[in-house]
Structures are given as structure tokens and as C-alpha cells.
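Reading through the C-alpha cells given below for one structure.
The values are calculated or read from the model by the stated rules, or taken from the named source; none is laboratory data. Keep in mind that what you see is a predicted model, and the values were worked out from it rather than measured. In this analysis, Cβ positions are derived from the backbone assuming ideal geometry, glycine residues included, and neighbour counts consider all displayed protein chains.
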Amino acid sequence: MNEHSTFIYLFFSIQNRLNEINQSGRAKIQALRRYNEDTYKAWAWIRENRESFKGRVHGPIQLDIKLKDTRYANQVEAALGGADSAHLRTFVCEHESDYKHLTRELADKQGLRITAAWPGNISIEDVMKTPCSPEELKTKYKLDYFVMDLLEGAPIVLAYLCQQAKINLCPLSLRAMDPRPLVDDSPFQSFILDKNSYRVRTYTYGRGGTQTSVRGIHPARVLNDSLDIQARDEVRRVLADLDEEMKVVVMNMDDLNKQQQDLKHKIAELKHAKEDAMSKKRDMVRALQLWEGQKRKLQARKRDLESMMQAPETPNQQLDELKQGIIDEVRKRAQLVLNYKTIAQKYVRTLGQRHAVNIELIGAEERQTKMNGFYRERTSELEQCRKDYEKAKVETSQRRQKAREFSNQAQTAGAELQEELADQFKEIYQQWRANGLEQTPEEIEDQINEQQASYDATRSLNPHAAVTYERIKTEIREMNKKADDSETALAKIGSEIEVIHKQWHPRLKRLVHAISSKFSEGLERIGCAGEVGIYEEDNYENWGIEIRVKFRDTEKLQVLTGQRQSGGERAVSTILYLMSLQKLARSPFRVVDEINQGMDPRNERMIHEQIVKAGTIAGTSQYFLITPKLLPDLYYNENMTVLCVHNGEWLPEKRLRAVEVYLQHAVQNLAAA
């Protein structure tokens with residue numbers, strides 16, 4: 001009884017521990033929300049909209065990978081770029097269409113700053129190949145593992161990390177050892193020993209050789225949570241062991257039954273000798289049966305068991321019922337726990353379905369209400385339109401009759417007017433024939449009489465008014481003629497401009513097209529797009545060169561301005577535009593000052609390489625590139641010269657030594673580290 005209860009208690013305690021460990025997964029998500037809110041929002045949106053994707057979207061990677069051995073947490077996180085690396089925050093898509101859909105929804109529409117990737121149509125096995133076998137790595141190079149071998153995750157996620165972070169090419173070891181044999185005689189360009197990360201670069205300029213950089217690694221901040229995963233696996237293993245022990249306990253029940261039979265025989269032998277004790281026991285059992293509550297009954301059974309242990313003559317049937325009752329109680333509780341879990345899961349699903357139905361019902365009722373109102377409004381409008389139609393039909397018939405009468409009167413009107421007003425009357429009549437008049441015939445007649453009276457009064461007051469009128473009419477005709485002549489001259493000038501325009505405009509377009517082709521080629525080499533065009537208007541003073549660029553796949557070509565692109569993007573566009581002009585504009589030399597400032601390392605390396613290749617072609621102008629700093633391991637060739645200007649308060653008072661002395665000193669410091 002006591003051993004069985006202890007076993008059940010231990011089983012449920014370990015089950016609670018497993019639940020606590022599962023809570024740590026939520027802690028990781030909360031940490032992601034605290035340090036990378038945009039990544040967390042993207043993760044939550046993907047969970048809610050999984051049905052909109054063709055395949056699975058993995059990520060962010062820091063939630064999808066597991067570390068097999070937590071002793072290597074610092075080294076593995078350093079190989080992935082550290083806790084702030086974009087690799088750990090990347091979402092990996094299995095299909096290109098999912099990648100475009102994800103970036104369009106989250107980056108373009110919602111404006112979230114996320115990192116998403118599609119590895120492309122790659123062979124996962126080829127991408128994840130290692131330079132040597134694990135046995136050769138341990139025996140020949142004395143190293144422990146490749147970074148890839150310490151991670152668990154989806155194959156496409158690991159393939160992406162191999163593609164981007166080269167985790168299949170980077171070995172590591174917890175031991176500190178001399179790195180020189182690995183630098184001189186191994187296929188590894190990067191490796192990690194103890195608390196340092198080494199990177200080996202080979203250069204071909206000059207006499208050639210290798211350069212090794214050493215960097216200390218920081219404590220893991222993301223992958224140290226893998227300790228929870230290890231603890232969870234450990235708890236699961238303990239639960240599996242307990243389950244096996246439970247099976248062993250059940251198998252041992254036969255032995256216990258045999259022991260029970262032996263006890264029954266002993267009890268039978270002592271039964272006759274303990275008749276008085278049996279009588280007292282029955283009185284105690286009847287008293288205990290009166291206790292209220294399940295707990296008191298359980299306590300009574302425990303006392304009965306203790307009494308039975310003290311009194312071997314306890315009846316066999318009662319002892320069997322007590323033990324069987326305990327076993328049945330334990331099994332009932334276990335079954336109730338399983339039933340509760342099943343009912344809770346069904347309740348959650350049913351509750352979600354009910355909420356979804358309620359939401360659809362509310363939407364349907366709202367749409368029905370709107371449609372009923374829309375129907376009533378349209379019915380009322382239709383009835384009003386019918387009434388207006390009947391009314392308009394009657395008015396149209398009446399006005400048609402009046403129009404015939406007015407037309408007959410107009411044909412006979414004006415016969416008695418003076419000759420000066422005849423032309424004006426004809427003009428009014430033609431206008432009326434074409435557009436109609438808003439005045440009634442009576443109003444028109446009154447207006448005619450007023451004009452006639454005004455004309456008679458003007459002639460009586462100023463007899464020369466008619467002469468003045470004719471003179472002004474003549475001047476107006478002359479001015480119209482001059483305007484016609486000016487328009488003719490302007491058209492002639494426009495024709496001459498068009499002739500000249502046709503002479504230089506095609507040449508300008510060909511020139512700009514040549515610049516645009518070279519500019520586009522330069523941007524394509526760094527994974528971007530762009531073009532150069534002519535901004536044209538009617539006024540030639542507003543003409544200019546218009547540069548359009550695109551630095552992301554999800555964007556369209558946009559005009560290069562000081563407000564739309566970043567400083568690094570403007571710098572890249574400017575230097576590529578100047579390089580496009582190199583073969584078209586002749587000059588003895590060119591000077592580029594600090595063009596790499598503001599660029600990210602990837603663009604700086606590619607732009608530097610293009611400048612070097614373009615500036616060292618035979619027959620080109622001399623190139624001067626001035627900058628306060630450069631990235632290590634840039635592209636160089638034998639046709640260029642590097643000049644280091646030593647200036648500043650930090651210079652030694654004595655004369656500077658040769659550059660080789662300082663380089664040798666730096667190499668010795670790196671080897672000592």
C-alpha cells in the first residue's frame with residue numbers, strides 16, 4: 001500500500017515537472033517579444049494565417065532548432081553570428097510563392113522589419129556535406145564536432161544555415177589547442193577552439209599567403225535555453241522508466257498473491273486462538289463505518305490494515321476486500337484523470353466552434369439588417385421615380401405643344417426690325433434653334449423693345465455712336481489679324497525647334513541608354529536593379545537625368561532621392577553611376593572620397609571590387625580612392641597601389657619603422673592570443 005502510493009506520487013510529481021518545463025517554451029516566446037517585437041508579431045501572424053501558405057514556414061530559427069549538447073552553447077551561438085544575428089531571427093520558407101507572400105504581407109503592408117529567406121531549389125544533401133567524416137575530424141584534426149552535427153531541426157532549416165552560416169564547414173572543440181596546424185594544413189576556413197573563434201583568409205595579391213583573425217566568443221543568450229529541452233528529455237526518460245517499472249510491478253503481483261495466500265494460511269491457523277480479538281475487531285469495524293466522509297473511511301481502512309498487521313488472525317475475505325479496494329481506488333483516480341483530459345480537450349474544441357458560429361451569426365444578422373434597409377430605400381426610390389416619370393411625361397407633352405407655337409411665332413418674328421438689328425436677331429434665332437432659351441416669348445419681346453428704345457436714345461444723344469462702333473469693329477479685325485500672324489510665326493518657330501530637337505534628342509537618348517545599360521549591369525552584379533532615364537517636360541529648363549533604383553525584390557523601381565533611400569543605398573547608386581560614365585567621359589584622373597561610408601559590409605566589398613577592376617583596366621583614367629577605413633580581406637590586384645597616410649597625435653616622436661615591422665608584430669600578437 002505505502003510503496004504503491006509512493007510510486008503514484010512520484011509519477012505525478014514528474015508529470016508536473018514536465019508541465020513546468022513546457023512552460024519554459026512560453027518564456028522563450030515572451031523573451032522574443034521583448035527583444036524582437038517585429039519578429040514576434042510576424043511569428044504570431046504566421047500562426048494565425050497558416051492556411052494562406054502553400055507549405056510550412058519555419059521560424060524564427062531560434063525557436064525551431066535544438067542544441068544536442070549544451071556544453072557547446074556558447075560556441076554554436078557564436079558560429080551562428082551571436083544572439084543579435086539575423087540568422088536566429090530568420091523565417092525559412094519551403095516555397096518561393098510563400099516567401100513572396102510573407103514579405104508582401106509583413107514587410108510591405110505591415111512595415112515589419114523581419115528577415116525571411118527561401119533557400120531556392122537546392123539539394124539538401126549536397127548543401128549539408130562536410131569536408132571530412134566525423135571519425136577523420138576527431139582522429140586527424142583532434143576536433144569534436146561540426147556545428148551542424150550539434151543542432152536538431154527541420155532539414156530545410158539546417159540546409160539554410162549551411163548555405164548562409166556555413167555550419168557544415170565549421171568544426172569546434174571545447175579544448176584549447178594550438179591553431180597553427182589547422183591554419184596551415186586543414187580544409188577549414190573557420191573553426192572554434194575553447195573560447196576563441198578563428199577565421200582563415202587566403203589572399204593572392206603580392207606574394208600571397210593567409211591571414212588569420214581571432215575573436216573571443218560571448219556567453220550564449222539564446223541557445224542556453226536548450227537546457228530546458230535537455231531537462232524535458234530527461235524527465236520524459238524518467239517517465240518512460242517509471243512506466244516500465246509499473247509494468248514490472250504488475251508482473252510482480254503474482255508473487256504478491258502467493259505471499260497473500262501464505263498469509264491466509266497463517267491467519268487461519270491463528271483464527272481459533274484469537275476469537276476474543278475478532279469480536280473486538282468487529283465492534284471497531286461497525287463503529288468506524290459510522291464515520292462521515294470518504295477521508296474518514298480511508299483512515300478507517302488504514303487502521304484496519306494496521307490492526308490486521310498486529311492481529312494475524314484477521315479474516316481473509318475482509319483483508320482481500322481492503323487491498324482490492326485500494327487498488328481499485330488508485331485505478332479509478334488514474335482513469336478519472338484521463339477522462340478529465342479528454343473532456344477538457346473536447347470542451348476547448350467545442351468552445352472554439354461555438355465562438356466561430358456566433359461570429360458568423362452576428363455577421364449574417366448585420367448583413368441581413370443592411371439588406372432590409374437597402375431594399376426599403378430602393379423600393380421608396382423606385383416608387384418616387386415612377387411618379388416623377390408620369391409627371392415628366394405630361395409636362396413633356398405640354399411643352400412640345402408650346403414649342404410648336406413658339407417655332408411658328410419665331411419664323412414670322414423680326415420681319416419689321418431695322419437693318420442694324422437683323423443680324424443680331426438672326427444670331428439669337430440660331431442660338432435658340434440650337435440650345436433653346438430659358439425666357440418666355442413675352443420676356444423676349446420685352447427685351448427686344450428695351451434694346452430698340454436704348455438704340456433710339458443712343459442715336460438721339462450721341463449721333464456719332466454708330467461711327468465709333470464701326471471704327472472699333474475695324475480695330476478688332478486688325479488685332480485678330482495680327483494675332484493670326486503671331487500664331488503663324490509661333491508655329492514656324494515651333495517647327496524649327498522640332499527640327500533641331502530631332503537632331504540632338506536621339507543622340508541624347510542613345511547616350512543615356514548606354515549609361516543606363518552599364519548602370520543596370522553594375523546593380524545586377526550586387527543583386528539589385530536600376531535604370532537611368534531622361535526627365536522631360538515642355539520647358540527645356542526642367543529637363544534632367546532621372547535615376548531609378550530597386551534594392552529589394554518586393555519593391556518597384558523608385559526615383560533616387562535624398563529622402564526615399566538610405567545613405568548607403570545612395571552611395572552605392574552614385575558610385576555605380578559614375579562608373580557608368582567612365583568610358584563615355586574622358587578625364588586624366590578621377591577622385592572618389594569616402595564613398596564607402598554608410599555602406600553595409602556586403603555592398604562595400606562588391607563596390608570596392610568593381611572600382612578596382614574598372615580602375616585597373618589598361619588605358620583607363622587613373623583612380624584615387626580616399627577613405628579613413630577599409631574592411632579586411634578586400635579584393636586587390638597587382639595594378640593598384642595602397643598608400644597608408646600616417647598622421648595624428650598618436651604618432652611616435654621618433655621616426656616610423658617599416659610597415660613590415662608592424663605587420664610582423666600584429667601576426668605575433670594574434671598567434672599568442
What are the pairs, 6+ residues apart or on separate chains, where a residue within the stretch 158-176 that is under 16 Å from Gly216 (Cα atoms) has its Cβ under 6 Å from a residue that is part of a helix (DSSP H, G or I) and of a type outside the set (A, V, I, L, M, F, W, C)? Leu172/Gln75
Within the stretch 520-530, is there a residue that is in contact with an Asp or Glu (Cβ under 7 Å, 6 or more places away or on another chain) and under 23 Å from Gln597 (Cα atoms)? yes
Members of the stretch 643-662 that are closer than 18 Å to Tyr203 by Cβ and either in contact with a Gly (Cβ under 7 Å, 6 or more places away or on another chain) or surrounded by fewer than 10 Cβ atoms within 10 Å (Cβ to Cβ) (or both): Cys644, Glu660
Screening Asp126, Asp98, Asp149, Asp84 for residues that are assigned to a loop (DSSP other than H, G, I, E, B) and either acidic (Asp, Glu) or not assigned by TED's automatic domain parsing to the domain that holds Pro60 (or both) leaves only Asp84
Name the residues in the stretch 451-484 that are exposed (fewer than 11 other Cβ atoms within 10 Å of the Cβ), at pLDDT below 75 and aliphatic (A, V, I, L, M), would you? Ala453, Ala457, Leu461, Val467
From Leu634, Leu576, which residue is of a type outside the set (Lys, Arg) and touching a Gly at 6+ places or on another chain (Cβ under 6 Å)? Leu576
Filter the stretch 201-241 down to the residues that are surrounded by 15 or more Cβ atoms within 10 Å (Cβ to Cβ), under 32 Å from the mean Cα position of the chain (by Cα), at pLDDT 80 or above and not hydrophobic (A, V, I, L, M, F, W, C) and list them by number. Arg221
Give the stretch 499-524 a look and list any residue that's surrounded by 11 or more Cβ atoms within 10 Å (Cβ to Cβ) and more than 25 Å from Leu560 (Cβ to Cβ), or say none. His501
Look through Ala107, Ala116, Ala86 and report the one residue that is closer than 20 Å to Gln62 by Cβ, surrounded by fewer than 18 Cβ atoms within 10 Å (Cβ to Cβ) and among the small types (Gly, Ala, Ser). Ala86
Restricted to the stretch 577-604 and to residues being buried (at least 18 other Cβ atoms within 10 Å of the Cβ) and within 29 Å of the chain's Cα centre (by Cα), the residue nearest to Arg525 (Cα to Cα) is Asn603
Would you confirm, using the coordinates I've provided, whether Arg47 is assigned to a helix (DSSP H, G or I), within 30 Å of Asp194 (Cα to Cα) and assigned by TED's automatic domain parsing to the domain that holds Pro171? no
Count of residues meeting criterion [within 24 Å of Ile114 (Cα to Cα) and part of a helix (DSSP H, G or I)] in the stretch 540-570: 4
Scan the stretch 164-206 for residues that are closer than 16 Å to Leu150 by Cα and either in contact with a Phe, Trp or Tyr (Cβ under 8 Å, 6 or more places away or on another chain) or not in a loop (DSSP other than H, G, I, E, B) (or both) and report the count. 12
List the number of the failed condition for Arg71; all other conditions in (1) basic (Lys, Arg); (2) exposed (fewer than 14 other Cβ atoms within 10 Å of the Cβ); (3) under 23 Å from Leu102 (Cβ atoms) hold. (3)
Criterion (at pLDDT below 85 and either closer than 27 Å to Gln565 by Cβ or in the same structural domain as Leu576 (by TED's automatic domain parsing) (or both)) met by exactly one of Gly544, Gly527, Gly494: Gly527
Take the residues of the stretch 50-65 that are in a helix (DSSP H, G or I) and surrounded by 14 or more Cβ atoms within 10 Å (Cβ to Cβ): which is nearest to the chain's Cα centre (by Cα)? Ile61
Is one or more of the residues making up the stretch 633-656 under 30 Å from Lys518 (Cα atoms) and touching a Lys or Arg at 6+ places or on another chain (Cβ under 7 Å)? yes
